[in-house]
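To start, the structure itself, in structure tokens.
The values are calculated or read from the model by the stated rules, or taken from the named source; none is laboratory data. Everything quoted here is computed from the prediction, not taken from an experiment. For neighbour counting, all protein chains shown are included, and Cβ atoms are generated from backbone atoms with ideal geometry for every residue, glycine included.
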Amino acid sequence: MPEEINRLVTDQVSDLLFTPSADADENLRQEGIEARKIHLVGNVMIDTSGPLPAAHRITTERTIREIRPRHAARPSNVDDLPWLRQMLERLSTLSAELAVVFPVHREPGSASPPSDCISRAMATYFLVEPKPYLEFLGLQRRATVIITDSGGIQEEATFLGVPCLTVRENTERPVTVNLLVGRDIDRLQLEVRRILDGR
């Protein structure tokens with residue numbers, strides 16, 4: 001992962017390293033970083049999430065009222081379009097049971113849907129523009145399940161106590177409580193069903 005390469009290089013030339021967890025301290029010591037440079041400060045991202053439950057509730061209610069279906073996406077940013085299309089088609093069956101909200105960017109300079117059949121697969125989704133931080137936290141807080149490939153969202157889901165399924169083979173956030181399902185669409189569908197069934 002590029003982030004991990006950047007971290008390794010930066011850590012070697014830094015005088016002060018602020019870590020979110022004890023396992024991060026241990027990793028740095030194993031990489032040869034002097035203990036005197038390492039300072040356990042906790043997770044600053046989660047610190048910004050915790051003290052604002054009222055703001056989460058307000059922004060969530062407003063955001064949910066504003067959600068409307070929008071059929072535009074930017075598939076050029078996705079490496080494996082056949083896999084994405086298959087995943088979206090399979091998960092579209094969820095829309096019979098709950099609202100499936102998918103934050104996506106519009107194609108630059110276009111208000112029309114992309115011609116790719118990904119847009120047809122997503123016809124049952126609520127496509128929304130990416131939301132500001134607090135509004136997005138509010139949506140996550142009210143979610144039944146979160147499906148992501150983002151490390152930051154894994155952390156937020158853990159803090160908010162929302163089940164999280166991560167469509168990656170590994171994670172740079174090992175302290176989070178989420179399930180790595182990789183790119184196995186059958187498993188992803190199975191785990192979503194388990195969560196919806198209360199398991």
Please specify each residue of the stretch 14-29 satisfying the condition of being exposed (fewer than 11 other Cβ atoms within 10 Å of the Cβ), modelled with pLDDT of 95 or more and part of a helix (DSSP H, G or I).
-> none
Write out, first by first residue and then by second, each pair whose Cβ atoms fall under 6 Å of each other, whose residues are 6+ apart or on separate chains, and whose first residue, in the stretch 174-199, is assigned by TED's automatic domain parsing to the domain that holds Trp83 while the second is of a type in the set (Gly, Ala, Ser) and surrounded by fewer than 16 Cβ atoms within 10 Å (Cβ to Cβ).
-> Val175/Ser21
Since His39 meets every condition but one in (1) outside any helix (DSSP H, G or I); (2) at pLDDT below 80, which condition does it not meet?
-> (2)
By residue number, the members of the stretch 179-199 that are closer than 25 Å to Pro2 by Cβ and in a loop (DSSP other than H, G, I, E, B) are Val181, Gly182, Arg183, Asp184
